[in-house]
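Read the figures in this text as sums done on the coordinates, not as results from a lab. Model, not experiment: these values are computed from the prediction. A quick note on method: Cβ atoms are made from the backbone with ideal geometry, for glycine too, and the neighbour counts reach across all protein chains shown.
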Amino acid sequence: MIVAMQEKATEEQIDTVIGAMVEAGVGVHRTTGAMQTILAGVGPTASVDLSKFELLPGVLHVHRISSPYKLAGRSFRPEGTVVEFANGVTVGGGKVAVMAGPCSIENEIQILETARRVKAAGASFLRGGAFKPRSSPYAFQGMGIPGLKTMHEAAQAHGLLTVSEVMEISQIEPMLPYIDLFQVGARNMQNFNLLRELGLARKPVLLKRGIAATIEELLLSAEYIMSGGNYDVILCERGIRTYETATRNTMDISAIPVVKKLSHLPITGDPSHGTGHRELVAPLARASVAAGADAILVEVHPNADKAASDAAQTLYLDQFDELMGQLRLIATAVGRTL
């Protein structure tokens, strides 16, 4: 259930409504927008009489949420969520954020050069994998925490934020000092124990769509994180598995505007995993911004052909520079900035 408070509702009135919801056995999640406060009630709400809440002072209207995702749905934050980071960086709203870096952190020289170049091109986040979920047990598995420390130092030296993938609950705490944004990969989109713990971590989470997941399933996974009290969730379209074999995955560009309609959460486009081919990354990145993506996540490497992982879909630094110029033009054309 959603209880929308009047614009001039007092804190006392809001507290009274929250108390009534708790008394009815409903868990309450509060969000305060520019114009009004929204109270989302989750739990056994089917038998709750909504009419008694409509009569409480300060209440504008009350309605049931028909979708299975209560907190990730657009009605919880009609104006949309803007996830705020240090240095004034935001994801959501009028500016498109760019997250760039290697699939895997390999060494100090690689990550320092990448950080310098992506910052100069206009990126806000340095991405890099320290724990790599590889299909083969013999493939490079990442540098772990030492790699994260190296990336963190490179990011700080160039005024960048960091994003890296977390694979299991035990990695959350040791990663906290070194990353600004947890990434949950496609393989873990329905690792609900991990999602619950990230809901308690109080650090933003980038949640990638699973390779066979519907949009509803993606939003329900976001619900697990948000139900723990962490509302700073950024969704990511990274391609799904279809019968098509020309690309690594089939990047579902249509998911971007669909998510924007159904949810208040910002969404990222990942054309590197979405295609698996270097020459296709730029066209799909451009299409993502045109479709309304709030951020772009791309793999970049100083020596892309020799990257330890995902070399075929990784851009060279000069190609990234060119792409950023193209994205600026498209962002301007759709009323946004980069």
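A full extension of the chain between GLU7 and ALA333 corresponds to an added length of 114.0 nm, given 0.36 nm per residue minus the alpha carbon distance. The separation of the stretch 1-55 from the stretch 182-212, counted between C-alpha centres, amounts to 28 Å.
Under a 5 Å amide H cut-off, with hydrogens placed 1.01 Å from N, VAL59 pairs with GLN6 among residues at least 5 apart or on other chains.
Between the helical axis of 317-333 and the dominant principal axis of the chain, each derived from Cα atoms, what acute angle in degrees is found, rounded to the nearest 10? Helix 317-333 and the main axis of the chain meet at about 40 degrees.
The long axis of helix 192-201 is offset from the longest Cα principal axis of the chain by roughly 80 degrees. For the stretch 111-116, the Karplus equation 6.51 cos²θ - 1.76 cosθ + 1.60, evaluated at θ = phi - 60°, returns couplings of 6, 5, 5, 5, 4, 4 Hz by residue, with Gly and Pro reported as x. For the peptides 111-121, 77-87, 216-226, residues were scored by their other Cβ atoms within 10 Å and the scores averaged per peptide; the highest-first order is 216-226, 111-121, 77-87. Spin-label model, ALA157/THR32: points 7 Å from Cα along the beta carbon direction are separated by 4.2 nm.
Close amide-amide hydrogen proximity is noted between ILE296 and ALA97, VAL98, MET99, GLY269, each under 5 Å apart and 5 or more residues distant or on a separate chain (H modeled in the peptide plane; Pro and chain starts excluded). Equivalent ellipsoid of the stretch 141-211: semi-axes from √(5λ) of the C-alpha gyration tensor, largest first, are 21, 12, 12 Å. Normalised by the number of residues in the chain, the mean separation of alpha-carbon contacts (under 8 Å, six or more apart) gives a relative contact order of 16 percent.
The stretch between TYR243 and ARG74 holds 57.7 nm of extra length on full extension. This uses 0.36 nm per residue minus the Cα-Cα distance.
The relative contact order of the stretch 75-210, computed from alpha carbon pairs under 8 Å that lie at least 6 residues apart in sequence, is 18 percent.
Computed from the C-beta positions of ARG196 and PHE85 and an R0 of 25 Å, the FRET efficiency is 0.60 to the nearest 0.05. Remark: relative contact order (the stretch 2-66) = 46 percent; criterion is Cα-Cα distance under 8 angstrom and separation of 6 or more residues.
Between ILE256, ILE109, ILE179, the residue with the greatest mean-square fluctuation in the GNM of the chain (Cα pairs under 10 Å linked by springs) is ILE109. Segment HIS61..ILE145, full-extension length gain: 25.3 nm, with 0.36 nm per residue of separation and the alpha-carbon distance subtracted.
Counting only Cα atoms, the size of the stretch 133-287 along its three principal axes is 39, 35, 33 Å, in decreasing order. Relative to the longest principal Cα axis of the chain, at what angle does helix 278-291 sit, 0 to 90 degrees, rounded to 10? The answer is roughly 20 degrees. Size of the chain: Rg and Dmax of its alpha carbons, in Å, are 20.7, 66.
From helices alone, the chain scores -10000 deg cm²/dmol at 222 nm; the rule is -39500 (n - 2.57) for each run of n ≥ 4 DSSP H residues, then divide by the residue total.
3J(HN,Hα) along the stretch 56-63: 6, x, x, 8, 8, 7, 10, 8 Hz, from the Karplus curve 6.51 cos²θ - 1.76 cosθ + 1.60 with θ = phi - 60°, whole Hz, x for Gly and Pro. With a Förster radius of 35 Å applied to the C-beta separation of HIS277 and LEU50, the computed FRET efficiency comes to 0.10. Comparing ASP321, ASP305, ASP49, which has the greatest mean-square fluctuation in the GNM of the chain with Cα pairs linked when under 10 Å apart? Looking only at ASP321, ASP305, ASP49, the largest GNM fluctuation is found for ASP49.
Distances between placed amide hydrogens fall under 5 Å for SER164 paired with LEU181, GLN183, all partners being 5 or more residues away or on another chain.
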